[in-house]
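Novice: The structure that follows is given in the form of structure tokens.
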Amino acid sequence: MHVIGTVGLPGSGKGEAATVARENGIPVVTMGDVVRQETADRGLDPTKDHGKVAQALRDENGPAAIAERSLPMIEDRLEDHETVLVDGIRSGTEVDAFETRFGEAFTLVSIEAPFETRAERVDARGRDVSEDDGGEGLAARDERERGFGMDDAMERADVVIENTDSLEAFHERIRTIVRGGAETASESTPGSESNTEVHQS
């Protein structure tokens, strides 16, 4: 059994990591889906009210509310798969919930990139980077995520990926982790031409 959690600010590459996992036959539990479903259940717009509902869930049910709702989904997938990837951890409290449930079988991966790089990626996929058009800008999204305690979660990562080079290099790093675990990833260092670094904390 191996549960891999990913943490990172918007545009860092968490979605790409989830795509690689799926391509390798590893099921993905997206914590954001828990929030989107709750947003829809409350009759709100998931594209506009996602952040508000995420905060409301934590206010109403405690800071680990979303992680706790995802646990049955993870355990269900572990019945048929050796490895599950959990996409979108946002706080040290959520890390605590996964470490308590899965112990040493849980690996936390922090995916990191500078603001400018992330802004380019968010812009390329059509997401708002500024608030000029009424959307939530990237800086505001960063602030909201950090408000949940993301910095604490990132500092506790077992493996850190500096996702600043090519998409292919990043995909290879994720494949190494999902196929071989954190130990293999920390031993596999990129070539001198790559800035997609992997190190174990």
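The values are calculated or read from the model by the stated rules, or taken from the named source; none is laboratory data. Computed from a prediction, not measured in an experiment: that's the story for all the values here. Glycine gets a Cβ as well: all are built from the backbone with ideal geometry, and neighbour counts include every protein chain shown.
Novice: For residues that are farther than 22 Å from V3 by Cβ and touching a strand residue (DSSP E or B) at 6+ places or on another chain (Cβ under 7 Å), tally how many sit in region 31-82.
Specialist: 0
Novice: Write out, first by first residue and then by second, each pair whose Cβ atoms fall under 8 Å of each other, whose residues are 6+ apart or on separate chains, and whose first residue, in region 136-161, is under 20 Å from N61 (Cα atoms) while the second is part of a strand (DSSP E or B).
Specialist: Pairs that qualify, where the first residue is under 20 Å from N61 (Cα atoms) and the partner is part of a strand (DSSP E or B), are M150/V7; A153/V7; A153/I89; A153/L108; A153/S110.
Novice: In region 73-105, which residues are on the phi > 0 side of the Ramachandran plot and free of Cβ contacts under 8 Å to residues at least 24 places away in the same chain? Walk me through how you get there before you give the answer.
Specialist: Our first condition is that a residue be on the phi > 0 side of the Ramachandran plot; within region 73-105, this holds for 88, 103.
Result: G103, single match.
Novice: In this structure, is A67 touching a residue at least 12 places away in the same chain (Cβ under 8 Å) and either over 13 Å from the mean Cα position of the chain (by Cα) or part of a helix (DSSP H, G or I) (or both)? Show your work before the answer.
Specialist: Working: touching a residue at least 12 places away in the same chain (Cβ under 8 Å): yes; either over 13 Å from the mean Cα position of the chain (by Cα) or part of a helix (DSSP H, G or I) (or both): yes.
Here the answer is yes, as A67 does meet what is asked.
Quick grid of which residues meet (1) part of a helix (DSSP H, G or I); (2) touching a Gly at 6+ places or on another chain (Cβ under 6 Å); (3) at pLDDT 95 or above; (4) of a type in the set (A, V, I, L, M, F, W, C):
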residue: G5; (1), (2), (3), (4): no, no, yes, no
residue: S12; (1), (2), (3), (4): no, no, yes, no
residue: A18; (1), (2), (3), (4): yes, no, yes, yes
residue: V34; (1), (2), (3), (4): yes, no, no, yes
residue: A40; (1), (2), (3), (4): yes, no, no, yes
residue: R58; (1), (2), (3), (4): yes, no, no, no
residue: I74; (1), (2), (3), (4): yes, no, yes, yes
residue: G88; (1), (2), (3), (4): no, yes, no, no
residue: V95; (1), (2), (3), (4): yes, no, yes, yes
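Novice: Would you be able to tell me the number of residues in region 97-116 that are out of contact with any Gly (no Cβ under 8 Å at 6 or more places or on another chain), within 23 Å of D59 (Cβ to Cβ) and crowded, with 19+ Cβ neighbours inside 10 Å?
Specialist: 1
Novice: When you look at F115, is it closer than 25 Å to E155 by Cα and in contact with a strand residue (DSSP E or B) (Cβ under 9 Å, 6 or more places away or on another chain), yes or no? Full working, then the answer.
Specialist: Working: closer than 25 Å to E155 by Cα: yes; in contact with a strand residue (DSSP E or B) (Cβ under 9 Å, 6 or more places away or on another chain): no.
For F115, the condition - closer than 25 Å to E155 by Cα and in contact with a strand residue (DSSP E or B) (Cβ under 9 Å, 6 or more places away or on another chain) - is not met.
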